[in-house]
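What follows is a short report on a single structure.
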Amino acid sequence: MGTRFARRWRLLIPALLGLLLAGCATGRLDATDPIGQEARDIDFLMRLSGWMAVGVGIFVAAAVFAIIVKFRAKPTDDPDDLPPQIHGNRKAELTWTIIPTALLVFLTIFTLPTVFALADEGTGRTIKVEGQQWWWQFTYELDEDEIKKYNLDQDSRYEIVTANDLVIRTGEEVNLEIHSNDVIHSFWIPQLNGKKDAVPGRVHHWRISSDEPGIFYGECVEFCGLSHANMQMRTIVLTPEDFDRWMREQLAGQLAAQVAPAEESPEAAGAALFETHCISCHVVDGAYESAAGGNANLLAGIAPNLTNLMSRTAFAGALYETYQTGPDGAYLRNPDGSLKLNVAELREWVRNAPDMKPARADNQQGMLDFSEVLTDQDLDNLMAYLKTLGSPPVLP
Ligand code: CUA
């Protein structure tokens with residue numbers, strides 16, 4: 001029996017070790033590698049309190065060990081002889097009240113300024129963030145200077161509406177106005193800042209910034225329904241020059257979307273299908289902005305605005321990549337250097353979305369199943385039309 005037990009242990013220990021080490025895998029959500037100032041401030045507090053806890057832990061463990069050794073029963077002791085019973089020792093009581101209080105006061109001195117600083121609004125651009133079941137929408141309103149800079153009509157309002165990819169520029173303290181249109185979500189880009197809830201009927205301010213360009217991944221962190229775990233997003237930080245290019249391309253995409261595809265082309269056939277099946281939920285700026293009549297579950301604006309679909313690195317709540325990536329995560333390219341569109345998954349998403357991302361059991365919310373509706377030819381035509389929406393993403 002002894003050997004069987006030992007054999008079992010030999011298997012159990014590596015298995016447990018494997019489980020433990022799996023926690024060290026570097027995922028795309030990494031709160032231990034802060035990039036933004038806000039995330040660095042939080043990280044400092046986490047490490048400070050962590051090391052203090054380690055110090056207290058070591059002190060208590062050492063004290064317990066020392067006391068066990070020093071006061072253990074000796075062979076010469078009479079087993080019926082109880083040690084003197086005492087109650088209340090002023091010195092000891094004061095010590096273990098004052099030391100933890102001092103530690104907490106010390107921690108508060110560092111924590112309070114950070115808590116207040118994190119609540120400040122950013123000094124840069126304001127971006128509206130809307131949590132939806134189950135994806136994020138980002139809205140940029142152009143200010144007067146930008147309207148002038150991009151030669152736009154000074155009497156009009158201009159908005160850029162995007163989904164999944166929150167694009168910002170380096171060095172800017174972006175002021176997020178976080179809101180939800182259905183249930184409570186929570187916005188979290190671990191490398192840029194902590195978590196902020198998106199609550200219906202309220203607007204929460206949150207600030208993010210990054211001095212270095214890059215793609216930083218995030219995830220909704222408040223349980224919000226069936227596809228909560230599939231409600232991801234990413235922040236794409238670009239240099240000011242690249243951000244400017246992104247803005248221009250978004251605006252150019254809005255203009256291009258208004259031009260109808262050449263007649264009798266697959267794109268035109270796709271546009272016609274889009275008009276029949278997609279526009280009750282999806283908006284394309286200037287082309288398809290009508291809302292479905294009466295059905296609150298099917299209302300334009302509840303699904304991502306697709307004006308610049310091709311400029312986004314991900315679709316379906318950032319669950320799938322718009323462009324193909326290799327095993328190392330790097331983008332694959334065509335011989336001419338352009339990004340390789342992830343046609344297979346995008347086409348399958350259009351065909352039968354609920355299969356790729358659970359929505360609501362009654363199929364009353366989220367992208368519908370079109371597998372019985374659209375033929376292969378229809379799907380090809382729709383893909384041809386979708387490919388016309390926007391230029392490829394500007395990558396950091
Ligand atoms: Cu949205 Cu969880």
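For the chain, the convex hull spanned by the alpha carbon atoms encloses 260 Å³ per residue. Taking amide H positions as modeled 1.01 Å from N, with prolines and chain starts lacking one, the residues under 5 Å from ILE178 and 5 or more places away or on another chain are VAL129, HIS204, HIS205, TRP206. Per-residue SASA remark: HIS277, around 50 Å² accessible (1.4 Å probe; ligands, DNA and RNA not included). All Cα-Cα separations within the stretch 305-396 were binned at 10 Å from zero, giving a P(r) of 15, 46, 32, 8, 0, each value a whole percent of the pairs. Histogrammed with a bin width of 5 Å, the alpha carbon distances of the stretch 70-158 distribute as 2, 8, 8, 8, 8, 8, 7, 6, 6, 5, 5, 5, 5, 5, 4, 3, 2, 2, 2, 1 percent, first bin at zero. Each residue of the stretch 143-153 was assigned a 3J(HN,Hα) from its phi angle through the Karplus expression (A = 6.51, B = -1.76, C = 1.60, θ = phi - 60°), giving 8, 4, 4, 5, 4, 5, 4, 9, 6, 9, 5 Hz with x at Gly and Pro.
Once both labels are positioned 7 Å from their Cα atoms along Cα-to-Cβ, the gap between ASP376 and THR111 label points is 6.2 nm.
PHE59 sits with roughly 140 Å² accessible to a 1.4 Å probe, with DNA, RNA and ligands left out of the calculation. For the stretch 121-226, averaging the sequence separation of C-alpha pairs within contact (under 8 Å, six or more residues apart) and dividing by the residue count gives a relative contact order of 30 percent. Helix 90-119 and the long axis of the chain differ in direction by around 10°, with both axes built from C-alpha atoms.
Close amide H contacts of TRP136 (hydrogens built in the peptide plane, cut-off under 5 Å, sequence separation of 5 or more or a different chain): ASN164.
With each label modelled as a point 7 angstrom along the Cα→C-beta vector, the THR101-ASN89 pair spans 2.0 nm.
Site-free segments of the chain were taken between GluC sites (Glu not before Pro) in DSSP loops having at most 11 other Cβ atoms within 10 Å, sites themselves excluded; the longest one is 1-262. Contact order, relative form, for the chain: 15 percent (alpha carbon pairs under 8 Å, 6 or more residues apart, mean separation divided by residue count).
Measuring with a 1.4 angstrom probe and ignoring ligands and nucleic acids, ARG347 comes out at about 60 Å² accessible. Potential lengthening of the chain between ASN334 and SER49 amounts to 97.6 nm, from the contour at 0.36 nm per residue minus the alpha-carbon distance.
Counted residue by residue at 0.36 nm each, then reduced by the alpha carbon distance between them, the extension gain from VAL60 to ARG360 reaches 102.9 nm. From the square roots a ≥ b ≥ c of the eigenvalues of the alpha-carbon gyration tensor of the stretch 80-233, which class results: rounded (a/c under 1.5), prolate (a/b over b/c), or oblate? Taking the square roots of the gyration eigenvalues as a ≥ b ≥ c, the stretch 80-233 is prolate. Element breakdown for the chain at a 1.4 angstrom probe: carbon and sulfur atoms account for 59% of the accessible area.
Using the Cα gyration tensor of the stretch 188-276, with a ≥ b ≥ c the square roots of its eigenvalues, what is the shape: rounded (a/c below 1.5), prolate (a/b larger than b/c) or oblate (neither)? Oblate, because a/c is 1.5 or more while a/b does not exceed b/c. Calculated [222 nm] ellipticity per residue, helices only, for the chain: -12000 deg cm²/dmol; basis is -39500 (n - 2.57) per DSSP H run with n ≥ 4, divided by all residues, nearest 500. Put ARG169, ARG207, ARG202 in order of accessible area, highest first, and with a 1.4 Å probe you get ARG202, ARG169, ARG207.
The values are calculated or read from the model by the stated rules, or taken from the named source; none is laboratory data. Computed from a predicted structure; not experimentally measured. Virtual Cβ from ideal backbone geometry, glycine too; neighbours counted across all protein chains shown. Accessible surface areas use protein heavy atoms only, side chains included; no ligands, DNA or RNA. Shrake-Rupley method; radii C 1.70, N 1.55, O 1.52, S 1.80 Å.
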